Structures are given as structure tokens and as C-alpha cells.
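K.L.:
Okay, here's the structure, questions in a sec.
The values are calculated or read from the model by the stated rules, or taken from the named source; none is laboratory data. Not measured: the values here are computed from a predicted model. Here Cβ is always computed from backbone atoms with ideal geometry, including for glycine, and neighbour counts include all displayed protein chains. These area figures cover heavy atoms from the full protein model, side chains too; ligands, DNA and RNA do not enter into them. Shrake-Rupley method; radii C 1.70, N 1.55, O 1.52, S 1.80 Å.
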Amino acid sequence: MPPPLETARLILRPFEDRDRDAFAALVADPEVMRFFPAPLDRARSDALIDRLEAHRAAALAAFPALELKATGECIGFAGLHASVMPGTDAPCVEVGWRLARPAWGQGYATEAARADIARGFAPRAEGGLDLAEIVAFAVAANAPSLAVMERLGMTRDPADDFALPDFPPGHPHRAGALYRLRACDFAPDR
């Protein structure tokens, strides 16, 4: 398991029991969850944390909890996660984020994602994952998330877009956008 990762304002680390209340409030917020099928109740929120930590215990990348250094508060998650491409069995490492509303618009998702992407592309000898590519995907109408992807230097080829399997045919959020970033194109100071 990689050690916690620190940025100027944040700590990316495993989830702890002390994070459960804040995370449950975040995923129960309809505005935070507007591009997901539904808000989560406490049981499903706790189950999500448990799945992420089981993933991490199996030595796979898992979305890390995002802690504000100044307060110790958990404001959500942001970073890398080993996954499969939606609608396929193709393995990938994605970068993603989900933050509490008070944390929006402050650059936290970009700051955390950029730091974990740098670790993902770093050689194993330096504690990295030595990845060749990292992807990100979101509902195509989710302009704030797409903007973060673009700030990270990720690019989108509309030919790669897909239907999100969590939404039924005809649902306005079914259209998914896929962004990619290759190690050779990553600029950590961008």
C-alpha cells in the first residue's frame, strides 16, 4: 500500500472510520450526486468505503480519502482507482473525484488528481505505478468534471465516448465522455 500523499493543502490517504459521517453526508447530497444514478444512504455509503479499502488491501489503486491539511476534515475522495472501462472488460486506472459542496471551486480536485497522476506515472523504483496511461470518464453533461480533466492535460476523442451502463437507455445522463492522458504527455507543473 503506498504511503499517504501530501500536496500543499491536502493529504490523500486511506479512509478511516472517522471519515464515515462526512462521507455519508457528501454522497447523500443530491447536488453532489446529480450525475450519478441516485444519492446514497448511510449503508451504501459505508459499503462504498469498505469496497475501496478492500480494493486497497488487495494492492490495487483505490480512490483515496481527501483530507484538508488545515482542519483534518475529510472532504471526499480524489485520485487513482484500478477499474474496468465501462461497458467492457478492459482494465484501466482511472483518476476521479467526488467532493463535498463546500470544497467545490477551490482547485482541490485538480490538485489531488495531479499529485496522484504524477505518482501513477512515476517508475516503481520511485514508489510509482509506472503506468503508460490514465483515463477519466464522466457524464458528458458534467461540465465541471470535464473542465478538471482538461486542466490535467487529458484529451477526449469523441469516438471513444460510450453509454454509461448505470443509466437506462434514453436517460439524459447516459452519454459518457472518456478522457485519456499518456505518461509521455503529462506535465506535472501544468
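K.L.:
Which of rounded, prolate or oblate describes the stretch 1-80 when judged by the alpha-carbon gyration tensor and an a/c cut-off of 1.5?
P.N.:
Cα axes put the stretch 1-80 in the oblate bin.
K.L.:
Could you tell me what percent of the DSSP beta bridges with both partners in the chain are antiparallel, to the nearest 5?
P.N.:
Values: 29 of 30 bridges.
Of those bridges, close to 95 percent are antiparallel.
K.L.:
Let me ask something else about it. Out of (1) 18.3; (2) 16.9; (3) 23.6, which label holds the value of Kirkwood radius over Cα pairs in Å that was computed here?
P.N.:
Step by step, Kirkwood radius over Cα pairs in Å for this structure corresponds to label (2).
K.L.:
Lys/Arg Cβ at +1, Asp/Glu Cβ at -1, dipole of the chain taken about the Cα centre: which of Leu52, Ala90, Ala183 is farthest positive-ward?
P.N.:
Towards the positive end, the residue furthest out is Ala183.
K.L.:
Can you list the residues, at least 5 places off or on another chain, whose amide H is less than 5 Å from the amide H of Asp161, using H built in the peptide plane?
P.N.:
Those lying under 5 Å, H to H, from Asp161 are Leu178.
K.L.:
May I pose another question? How much of Arg18 can a 1.4 Å solvent probe reach, expressed as accessible area in Å² and rounded to 10?
P.N.:
Taking all protein chains as shown, Arg18 has close to 140 Å².
K.L.:
Next question, about the same structure. Taking amide H positions as placed 1.01 Å from N in the peptide plane, with prolines and chain starts having none, which residues 5 or more places from Glu133, or on another chain, fall under 5 Å of its amide H?
P.N.:
Here Ala183 satisfy the definition.
K.L.:
Another question, then. Would you check the accessible area of Leu66, probe 1.4 Å, heavy atoms only, in square angstrom rounded to 10?
P.N.:
0
K.L.:
Leaving ligands and nucleic acids out of the surface, order Arg151, Arg124 by accessible area at 1.4 Å, largest first. Intermediate results must be reported in sequence, preceding the final value.
P.N.:
Values: Arg151 120, Arg124 165 Å².
Final ranking, largest accessible area leading: Arg124, Arg151.
K.L.:
Continuing with this model, one more query. Put +1 on the Cβ of every Lys and Arg and -1 on every Asp and Glu Cβ in the chain; which of Ala65, Pro123, Ala140 then has its Cα farthest towards the positive end of the dipole?
P.N.:
Value: Ala140.
K.L.:
Here is a further query. For labels at Ala132 and Asp157 in the simple 7 Å Cα→Cβ model, what's the distance in nm?
P.N.:
For Ala132 paired with Asp157, the spin-label model returns 1.4 nm.
K.L.:
Arrange the residues His171, His81 by how much accessible surface each exposes, largest first, with a 1.4 angstrom probe.
P.N.:
These residues rank, largest area first, as His171, His81.
K.L.:
Continuing with this model, one more query. Compare Trp97, Trp104 by solvent-accessible area with a 1.4 Å probe and give them largest first, with all protein chains kept in place.
P.N.:
So, going from the largest accessible area down, we get Trp104, Trp97.
K.L.:
Ok, one more. Is the stretch 89-180 rounded, prolate or oblate when judged by the Cα gyration tensor, a ≥ b ≥ c being the square roots of its eigenvalues, rounded requiring a/c under 1.5 and prolate requiring a/b larger than b/c?
P.N.:
Here the stretch 89-180 falls in the oblate category.
K.L.:
Could you grab the relative contact order for the chain? Cα pairs under 8 Å, six or more apart, rounded to a whole percent.
P.N.:
That works out to 17 percent.
K.L.:
Please state the charge dipole magnitude for the stretch 23-181, taken about the Cα centre, from unit charges on C-beta atoms (+1 on K and R, -1 on D and E), reported in debye and rounded to the nearest 20. Walk me through the numbers before you get to the answer.
P.N.:
Numbers: 15 positive and 20 negative charges, 39 e Å.
Charge dipole of the stretch 23-181: 180 debye, to the nearest 20.
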